[in-house]
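What follows draws every value from the coordinates through simple rules; no lab data is involved. Quick caveat, the model's predicted, so the values are computed rather than measured. Heads up, the Cβs are rebuilt from the backbone with ideal geometry, glycines too, and the neighbour counts pull from every protein chain shown.
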Amino acid sequence: MANTVSAKKMTRKIAKRTAINRSRRSRMRTFLRKVEEAIEAGDHAVALTALRTAEPEIMRASQKGIVHKNTASRRVSRLAARVKALQVAA
């Protein structure tokens with residue numbers, strides 16, 4: 001356990017940051033799940049709308065350090081390709 005005043009303060013800061021990061025990660029996953037559900041349903045219009053709302057959330061998470069920038073870009077790219085495939089299939 002932390003003994004010094006600075007170490008105790010750091011544990012408080014870490015706990016606070018962890019809670020914020022957990023919330024941001026959960027929010028990002030919620031938006032991802034909405035896109036996934038729309039893709040599974042096969043509805044292109046809903047999937048496209050969900051993707052347009054999810055993309056800024058994913059990129060914001062990368063800016064905040066929740067996920068790496070390349071990971072965020074890869075997820076957006078793959079989702080966009082899947083949504084586009086729905087349009088072609090329909």
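What translational diffusion coefficient, to the nearest whole µm²/s, does the range 28-89 have by Stokes-Einstein, given a Kirkwood radius computed over alpha-carbon pairs, a temperature of 20 °C and 1.002 mPa s viscosity?
Translational D for this selection: 188 µm²/s.
Quick check: the angle from helix 44-63's long axis to the longest principal axis of the chain, C-alpha only, nearest 10 degrees?
The angle comes out near 20 degrees.
Going toward the positive end of the dipole of the range 28-89, with +1 on Lys and Arg Cβ and -1 on Asp and Glu Cβ, which of Ile58, Ala45, Leu32 do you reach last?
Ile58
Comparing Ile39, Ile14, Ile58, which has the greatest mean-square fluctuation in the GNM of the chain with Cα pairs linked when under 10 Å apart?
The residue with the greatest mean-square fluctuation here is Ile14.
Stretched out fully, how many nm does the piece from Lys64 to Ala15 gain, at 0.36 nm a residue minus the Cα gap?
Result: 16.0 nm gained on full extension.
Could you give the nm distance between label points at Ala2 and Ala85, where each point is 7 Å from its Cα heading toward the beta carbon?
Computed distance between label sites Ala2 and Ala85 equals 4.7 nm.
For the chain, find the longest principal axis of its Cα atoms and tell me its angle to the long axis of helix 5-41, 0 to 90°, nearest 10.
10
At a 10 Å Cβ-Cβ cut-off, how would you order Ser62, Ser6, fewest neighbours first?
Ser6, Ser62
Normalised by the number of residues in the chain, what is the relative contact order in percent for Cα pairs under 8 Å and 6+ residues apart?
RCO, the chain: 27 percent.
Determine, for Ser73, Ser23, the number of other Cβ atoms within 10 Å of each Cβ, and report the residues in order from fewest to most.
If I rank by nearby Cβ atoms, fewest first, I get Ser23, Ser73.
Which angle between 0 and 90 degrees, to the nearest 10, do you get for helix 69-89 versus the longest principal axis of the chain when only C-alpha atoms count?
20
Run the helix sum for the chain: -39,500 (n - 2.57) per DSSP H stretch of 4+ residues, divided by residue count, reported at 222 nm to the nearest 500 deg cm²/dmol.
Computed mean residue ellipticity for the chain: -31000 deg cm²/dmol.
What does the charge add up to near Val35, with Lys and Arg as +1, Asp and Glu as -1, over the other residues with Cβ less than 15 Å from its Cβ?
+4
Nothing charged except the Cβ atoms of Lys and Arg (+1) and of Asp and Glu (-1): what's the magnitude of the dipole of the chain about its Cα centre? Round to the nearest 20 debye.
Here the size comes out at about 840 debye.
Under a crude label model (7 Å from the Cα following the beta-carbon direction), how far is Arg27 from Thr71 in nanometres?
1.8
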